[in-house]
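A quick write-up on the structure given underneath.
The numbers here are math on the coordinates, done by the rules we state, and not lab data. Please read these numbers as outputs of a predicted model, since none were measured by experiment. As a convention, Cβ positions derive from the backbone with ideal geometry for all residues, glycine included, and neighbour counts pool all protein chains shown.
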Amino acid sequence: MTRREFPLTALAAAVRAPGPLGVDIGSRRELFVDHAILASLQGAELRAASPLDAGQALVLDRPWEGAFSAYTSVVAAGGRFRFYYRGNPRSGNDGNDNEVTCCAESADGVHWSRPELRLFPLPTAPVNNIVLAGQAPFSHNFSPFLDTRPGVPEGERFKALAGIHKSGLWAFTSADGLRWKKVGAAPAVPSPKEFAFDSQNVSFWSRHEGRYVLYFRTWKKIGAVDYRWISRATSDDFLHWRTEGEIDFAGAPPEHLYTNQASPYFRAPHIITAICARFLPGRQVLSAQQAASVGVDPKYYKDCSDAVFLSSRGGLRFDRTFLEAFLRPGHGWQNWVSRSNYPALNLIATGPSTMSFFVNRNYGQPTAHLRRYELRLDGFASLHAGYAGGQAVTHPLRFRGARLELNYATSSAGSVRVEIQDATGRPLDGFRLEDSKELIGDETARAYAWQGGEDLTPLSGRPVRLRFLLKDADIYSFRFLPAV
């Protein structure tokens, strides 16, 4: 994206106004996905990542899965991972009787297989991977999560919301994530006319906010256009929800956001990240002949979609720092059909320095599958500067700890340096630029050192600014750690 140089523009100022004692970050990890902690950039920019295509994760080829399988959630529990997704071999109305909820499992997030279950036997497949069936319309968009709320009953460790506009959203619970029961005598979230509910409606326990949070699909009329939008609700018990309102995208151009996939980032849960489906209704790429060549259902090739990245620090505000596609449809006609390229909910760690997200590809086609994409840990975006060099200065911050840890990468000719200033911007003795050591390399966790060492204990709890100086380098995140 275009490099921006500013002391502190109105855009950045609107993100987060620090108090007189600075932003209290404690020992939490901070990512460069927005301008919340940045006071100035010069010769540097925030740059979105380019996800790496890591290949097919699961081909959706069972007779009860098929071309219209969709709305995947990825849940980590007990040292393993589980996909939940809609199986649907034929097009039909939302919530039709063909829809079932399926699961697949993995020990590493890379290699996936279907469990052999007998929960919902089919005439031709008494053993299958179906965990919910015969309860239309709830398999249309069943979206589970592992409840990490302290003291949650063992039988309610897994929770889900599901339903369409006609039914409202109903609550489900499970002890093992396989055997589910519907809870309550009425929908947890009823259906006013502007609530659509026709895609995943994602919920989770927010440790940062101390309550359950729900992001769900609504409509918003802007001028003559009804946009697919996102709204937010919260709850103390998962059964009674308070609708808070529509999401504010901070002045970004309105776009159709179909599945929001918002969830707390697992290494920095105060930041909600969303790799979200952006839908372009009526933006047709394929001719009828090209659509026929990939076998797409004739009703599903006259639109296209891709994925964008959003982030939030709570409340109704979401930042769209990066308006460009986070994941483009890519090469091949099969990727340019309606409702393809829809990301799954949640990211997972798939290596010591990598994390993965998943995308439903080839919707409405015989080749429908889930595809894995890889990112560096914390690597949604980075603070970046090219060969000419650049710098960034934070707002005053208060931290707890004794060492500064960086997740960074440089070229062989590049470098990272860090200066620590007081709240007014005056460099502190022992932590000036001339005291800093040049950092070269590529590490997800490296303690930064000055000439006097790593120890920052005397600065803990005091408002300070960090001045990052980069040359042909990226910083993905930082945090403060206790002494060794």
For the range 301-313, Karplus-derived ³J(HN,Hα) couplings (6.51, -1.76, 1.60; θ = phi - 60°; whole Hz; x for glycine and proline) come out as 9, 9, 9, 9, 7, 9, 10, 10, 10, 10, 8, 8, 10
Karplus ³J(HN,Hα) for the range 33-46 (6.51 cos²θ - 1.76 cosθ + 1.60, θ = phi - 60°; Hz, whole; x = Gly/Pro) runs 9, 7, 9, 4, 9, 9, 9, 7, 10, 9, x, 10, 8, 8
Residue separation between residue 113 and residue 289 times 0.36 nm, minus their alpha-carbon distance, gives in nm 59.9 nm
The range 411-484 and the range 300-352 have their Cα centres apart by a whole-number Å value of 33
Row for the range 52-376, column shape: gyration tensor on C-alpha, a ≥ b ≥ c, rounded if a/c < 1.5 i.e. under 1.5, prolate if a/b over b/c, else oblate; value rounded
On the formula 1/(1 + (r/R0)^6), with r taken between the Cβ atoms of residue 367 and residue 324 and R0 of 30 Å, the FRET efficiency rounded to 0.05 is 0.65
Between the modelled labels at residue 297 and residue 93 (7 Å from Cα along Cα→Cβ) the distance in nm is 1.5
Reduced to Cα centres, the span from the range 41-59 to the range 261-295 in Å works out to 15
Here the gain from full extension of residue 424 to residue 451, 0.36 nm per residue of separation minus their alpha-carbon distance, amounts to 7.4 nm
With label points set 7 Å from each Cα along the Cα-to-Cβ direction at residue 226 and residue 207, the distance between them in nm comes to 4.1
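Cβ neighbours within 10 Å, averaged per peptide: list 247-255, 139-147 in order, most packed at the top. If you can, show how the numbers build up before the last one.
Values: 247-255: 14.6, 139-147: 24.6.
Going from most to least packed, we get 139-147, 247-255.
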The ³J(HN,Hα) series, computed from each phi in the range 451-464 with the Karplus coefficients 6.51, -1.76 and 1.60 at θ = phi - 60°, rounded to the nearest Hz and given as x for glycine or proline, is 4, x, x, 9, 5, 10, 3, x, 9, 4, x, 8, x, 9
Relative contact order of the chain (C-alpha contacts under 8 Å, at least 6 apart) in percent is 17
